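The values are calculated or read from the model by the stated rules, or taken from the named source; none is laboratory data. Bear in mind that the values here come from a model prediction, so they are computed numbers and not experimental data. Here the Cβ positions follow ideal geometry from the backbone for every residue, glycine too, while neighbour counts run over all protein chains shown.
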């Protein structure tokens, strides 16, 4: 017997777009996170370089990763909402070759 | 004051649970709060779930003792939410019902997946529960003046009440309150730290006079250290491998330990603090321990931008960090050495070392990123587990089922990222504030943030301690809901297919919560003294190894089969736990030489996560021709 979601989610025609967008944004963040870890492992003394207002690269990069996550999340939300609104209004979505695809739900 | 604030909070939380109890009469109400929680509330509740004892107590304590290396946990924990938002949030909400098992099993109806995922949920939840309960004991001891074990029992009893009365609904609102209060009062605390500024002689705002540790000149012969200063007699000396040489001096009838330091051929003895276990009890700094003779609080700046007597006054956040980053600033940090003295008495010495600011504010004091290839690999492994672990924690995943739709799941994750990210930036200031304000207990770094609060007065200490306690309550509640779901819903209802009506299912969940709560109390007492943050890091590694490959491949690889998922979960659990069990850190816990550990890594993720992915791919490819994937 297959279970249904706790609340019926309904069809989400924007799901494929959101999934692709999410993967792209994840790849961008993962690139910067990997860069941070790589500098720590391969050239740890570089992290001591003063880069801004007396702060070193370790602090600036670390805080940037935290703030950057929120910044990217907000952009993701705006783009997702825009696409959801397009479908809600029944418009033909722009720039989405898989616009007719439905979400898995 | 602390007791009143604490009791008021506990009474309020239990009252709220009883009030919300009527929402827990159905399975959906008990496990998913009916799926009706607002995304904003759920986002802050996410923060409440996530900002556990490890975050508030452990990370602040780590930053206070090893500087930037503690902040690496903040960065890794927050980065994990990116995986949760971009990869997991909406698809998981569409797939799942109440538990992680429901989600991974949604397209298969496989008994193998049900069993493997339920076991994984239980294992990860218990790995995560242990440090929370240990943290509860650590907190309650100074707050209420009762033994740690009673603190663990108290937390367990309150949490069982919360979970058993109203399940996910009360857990959510407790988390919302706690998450919100934690962020607000941490901001207040950081504001107070910046208003006070930095000083080379911190006196807790005039409440505790700064203690200047003495230094004595000494000479050294081939075998003997001698002190020319009249009135001092050398009684014995101990060389501790990896630490320093310590000398026991008698002066005016008091026996105290001193650390030997050598600079450019000049020998100096530096005063330390010590705890000696004698037949008649503990002796602290040469005298019997008592209410008035305890270890002194420590941690200060020896130099601020090259000056030995300086006070910055109120300081901006950037200037605060810049002062501590300067190579001309020096922090007096504290280390621990253990040995048995010549009388056979167990002795612990706390001794200071001077660390330049540019060393404090870059990686390397804890994680040996400048060390061997293996040490760097260990660091890489930790950062990988932190990045991938968040999106695989069962008590985080079940929160996606408490909101009405996938868009709400997304929005609540963004609120969580904002709240958690802001808090993690605050941890840097709280940790460094504790490091430099002479508030640290040299024997236990976990209390850094509450003790920093105490230096600003009893009221903020009471509030911060009550919130810290609530932090433990909230996280343990979420973990017990997740674990009871694994037992009652995944195992009893879905794997064993025991016929139960809705009311019986809720009752089974509540009974499971009681049993798991009892187990948590027992484990919390058994594991007293373990490092809270280290244990949470391991829970992340187990979660990332066992659950994440299944979630990711299920969503993005169409050839994934039920057997592939079940196999990857089991391999992930077994591999990560085995690697942990034979790691150097665990060998130290067993009382063995860590160099004898067969696995040279402390963090298993770099091996166990790829192994789990490979297992899923190989088994799926081998079993993809099966006509019905639902028969695994």
For this session: Count, please, the residues in segment B:522-550 that happen to be surrounded by fewer than 23 Cβ atoms within 10 Å (Cβ to Cβ) and at pLDDT 80 or above.
Result: 3
For this session: Name, by its number, the condition in (1) without any contact (Cβ under 8 Å) to a residue 40 or more places away in the chain; (2) within 30 Å of residue B:586 (Cα to Cα); (3) not in a helix (DSSP H, G or I) that does not hold for residue B:499.
Result: (2)
Exercise. Taking helices (runs of 4 or more DSSP H) that do not extend beyond segment B:346-400, which have at least 2 residues that are more than 10 Å from chain A (Cβ to nearest Cβ) and under 23 Å from the mean Cα position of the chain (by Cα)?
Worked result: B:373-389, B:394-397
For this session: Considering (1) surrounded by 24 or more Cβ atoms within 10 Å (Cβ to Cβ); (2) touching a helix residue (DSSP H, G or I) at 6+ places or on another chain (Cβ under 7 Å); (3) closer than 23 Å to residue B:479 by Cβ, say which one residue B:115 fails and leave the rest.
Result: (1)
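So that you can scan it fast, the table gives a plain yes or no per residue for (1) within 19 Å of the chain's Cα centre (by Cα); (2) within 8 Å of chain B (Cβ to nearest Cβ); (3) in a loop (DSSP other than H, G, I, E, B):
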position: A:16; (1), (2), (3): yes, no, no
position: A:19; (1), (2), (3): yes, yes, no
position: A:22; (1), (2), (3): yes, yes, no
position: A:27; (1), (2), (3): yes, no, no
position: A:41; (1), (2), (3): no, yes, no
position: A:46; (1), (2), (3): no, no, no
position: A:51; (1), (2), (3): no, no, no
Problem set entry | Lone unmet requirement of (1) part of a strand (DSSP E or B); (2) loosely packed, with under 14 Cβ neighbours inside 10 Å for residue B:299 | (2)
Exercise. Only one residue in B:8, B:45 is assigned to a helix (DSSP H, G or I), exposed (fewer than 15 other Cβ atoms within 10 Å of the Cβ), more than 13 Å from chain A (Cβ to nearest Cβ) and at pLDDT 80 or above. Which one?
Worked result: B:8
Problem set entry | Counted residues, segment B:250-261 - those being surrounded by 12 or more Cβ atoms within 10 Å (Cβ to Cβ) and in contact (Cβ under 8 Å) with a residue 24 or more places away in the chain | 6
Problem set entry | From B:538, B:491, B:554, residue being assigned to a helix (DSSP H, G or I) and within 14 Å of chain A (Cβ to nearest Cβ) | B:554
Exercise. Which residue out of B:190, B:276, B:247, B:227 is over 15 Å from residue B:349 (Cβ atoms), modelled with pLDDT of 90 or more and surrounded by 19 or more Cβ atoms within 10 Å (Cβ to Cβ)?
Worked result: B:190
Exercise. If you go through segment B:404-413 one residue at a time, do you hit one that is at pLDDT 90 or above, outside any helix (DSSP H, G or I) and surrounded by fewer than 24 Cβ atoms within 10 Å (Cβ to Cβ)?
Worked result: no
Exercise. Taking the condition more than 14 Å from every other protein chain (Cβ to nearest Cβ), in a helix (DSSP H, G or I) and in contact with a helix residue (DSSP H, G or I) (Cβ under 7 Å, 6 or more places away or on another chain), does residue B:136 pass?
Worked result: yes
